[in-house]
Amino acid sequence: RHTRRPRDWSSDVCSSDLPRTSSQTGSAGGTYVINTDLYDTFLLTALGNTATFSAPTGSPVNGQRLIIRIKDNGSARVLTFTGSGTSAFRGIGITLPTTTVLGKVLYVGCIYNADDAYWDVIATAQQA
């Protein structure tokens, strides 16, 4: 971080601190592959069919974070997260979501585990 004064972390914001976001409208559904070299936040809105999240591409580093936000088009939709292979998703202390709740936002929080080459899903949150 760049600062104007020693130990003052609030004086500047670097562009590297800002989220790198990809927004997509998923009216047709389909398979989504997130390039984690380019994005650390993936927003999927108006999902109109089944969505499959394949293993992200890129060269993630240990501890890298990925947030996925999903909202359907008013009807619940089936979700699949690739669970095998390099850089696949796996739940840690949680069950991976398998469906949206109609018209509600769903967040999926992931951290890359370089030791095991998995995106560990450590949190999910559903809009009340």
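Applying the Karplus relation 6.51 cos²θ - 1.76 cosθ + 1.60 with θ = phi - 60° to segment 112-128 yields 3J(HN,Hα) values of 6, 10, 5, 4, 10, 6, 10, 8, 7, 7, 9, 7, 9, 9, 10, 4, 6 Hz, where x marks Gly and Pro.
Kindly list the residues of segment 91-128 that lie in the label zone of T80, defined by a backbone N under 14 Å from the point 7 Å along the Cα-to-C-beta vector. Taking a point 7 Å out along Cα→Cβ of T80, the residues of segment 91-128 whose backbone N falls under 14 Å are 98-99. Within the shell defined by Cβ-Cβ distances under 12 Å, the residues around I67 carry a net charge of +2, with Lys and Arg each +1 and Asp and Glu each -1. Amide H contacts of D37: S59, each under 5 Å away and 5 or more positions distant or on a separate chain (H built 1.01 Å from N in the peptide plane; Pro and chain starts excluded).
Between the amide H of Y32 and those of T52, F53, S54, distances stay under 5 Å, these residues lying 5 or more places away or on another chain, with hydrogens modeled in the peptide plane. Close amide H pairs (under 5 Å, H built 1.01 Å from N) link D72 with L47, G103, K104, residues at least 5 positions away or on another chain. What does the charge count around T41 come to, taking other residues whose C-beta lies under 10 Å from its C-beta (Lys +1, Arg +1, Asp -1, Glu -1)? Cβ neighbours under 10 Å give a net charge of +2. Inter-label distance, L102 to D37: 4.2 nm, where each label sits 7 Å from its Cα along the C-beta direction. Average accessible surface for segment 43-128: 47 Å² per residue, computed with a 1.4 Å probe over protein heavy atoms with every protein chain in place.
The values are calculated or read from the model by the stated rules, or taken from the named source; none is laboratory data. Note that the structure is a prediction, hence the values are computed from the model and not measured. Here Cβ is always computed from backbone atoms with ideal geometry, including for glycine, and neighbour counts include all displayed protein chains. The accessibility values were calculated without ligands, DNA or RNA, using every heavy atom of the protein model including side chains. Shrake-Rupley method; radii C 1.70, N 1.55, O 1.52, S 1.80 Å.
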